[in-house]
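The structure appears right after this line, and notes come after that.
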Amino acid sequence: MRVLEVGDFVGMIEPKRVAVPIPMAWYLLRIHPNRECTVADRLLHRGATVYLPTEIRTRRSVWSRRVPVAAPIFPGILFVADFDADLRRLRALSDGIVGYIPGCASEPAVANRKTMGDIHKLAERLNVPMGQRKYRIGQGVRIVEGPFSYWTGRIERLDSHGRLRVLLDVIERQVPVEIAETQIEAV
């Protein structure tokens, strides 16, 4: 039997193919306040399939500097895939788990694929960087949703959370209205 030396070529190693199951439903797990990110990280590193929708917010740090921080969109909630939804195992993997959020008839609350798709779209919309905005200040827009439907105006201010302030022309006067980007269209 030949002993291998460091640097000897031993041949190609075929990677293992792992079948990744697709969850049919996601259970809503209740987490202790302000522990969502740490619990999600622990569960992910220990092999559980979880999803924590987050948005990037800024907070003040020392000397009034603005620091970006990932904050959960739904505080206190973590989504767990149906094949990893064993509460006893999850509690053994990480502390900070309270239990399932109750649904109807004392069953745990469940989110289906369509609901999770909507949550993914919401998370994407909330995390749009400032350089990739659809609209700009001074642009003419028409409101398509809400109580001011079909009114036109001009954008006065853009917010980092996807909201904007539109100045509407109402009876020879400009009225500011704060709305979301999804409620307007360009004129």
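The values are calculated or read from the model by the stated rules, or taken from the named source; none is laboratory data. Remember, it's a predicted structure, so these values are computed and weren't measured experimentally. Please note: Cβ atoms are built from the backbone with ideal geometry, for glycine as well, and neighbour counts cover all protein chains shown.
The residue pairs whose first member lies in region 137-157 and is over 10 Å from V187 (Cβ atoms), whose second member is among the hydrophobic types (A, V, I, L, M, F, W, C) and in a loop (DSSP other than H, G, I, E, B), and whose beta carbons are closer than 9 Å, counting only pairs six or more residues apart or on different chains, are I143/W151; Y150/V144; W151/V170; I155/I137; E156/I137; R157/I137.
A40 meets the stated requirement of being surrounded by 15 or more Cβ atoms within 10 Å (Cβ to Cβ), closer than 24 Å to K121 by Cβ and among the small types (G, A, S). When residues in region 22-45 are screened for being in contact (Cβ under 8 Å) with a residue 60 or more places away in the chain and either closer than 16 Å to D86 by Cα or assigned to a helix (DSSP H, G or I) (or both), 9 of them pass.
Residue count for region 178-187 satisfying the condition of being in a strand (DSSP E or B) and under 26 Å from the mean Cα position of the chain (by Cα): 5.
Yes/no per residue for (1) assigned by TED's automatic domain parsing to the domain that holds N34; (2) aliphatic (A, V, I, L, M); (3) more than 25 Å from T38 (Cα to Cα); (4) part of a helix (DSSP H, G or I):
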| residue | (1), (2), (3), (4) |
| --- | --- |
| L78 | yes, yes, no, no |
| V98 | yes, yes, no, no |
| T115 | yes, no, no, yes |
| K121 | yes, no, no, yes |
| R136 | no, no, yes, no |
| E145 | no, no, yes, no |
| S149 | no, no, yes, no |
| G153 | no, no, yes, no |
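Tally up the residues in region 94-105 that are loosely packed, with under 15 Cβ neighbours inside 10 Å and hydroxyl-bearing (S, T, Y), please. Of the residues in that region, 0 qualify.
Inside region 81-96, can you point out the residues that are in contact with a strand residue (DSSP E or B) (Cβ under 8 Å, 6 or more places away or on another chain) and either in a helix (DSSP H, G or I) or farther than 21 Å from V20 by Cα (or both)?
Selection gives D82, D84, L87, L90, R91, G96.
Evaluated against (1) modelled with pLDDT of 85 or more; (2) more than 22 Å from the chain's Cα centre (by Cα), L164 falls short on exactly one condition, (2). So is R91 basic (K, R) and surrounded by 11 or more Cβ atoms within 10 Å (Cβ to Cβ) or not? Spelling it out, R91 is indeed basic (K, R) and surrounded by 11 or more Cβ atoms within 10 Å (Cβ to Cβ).
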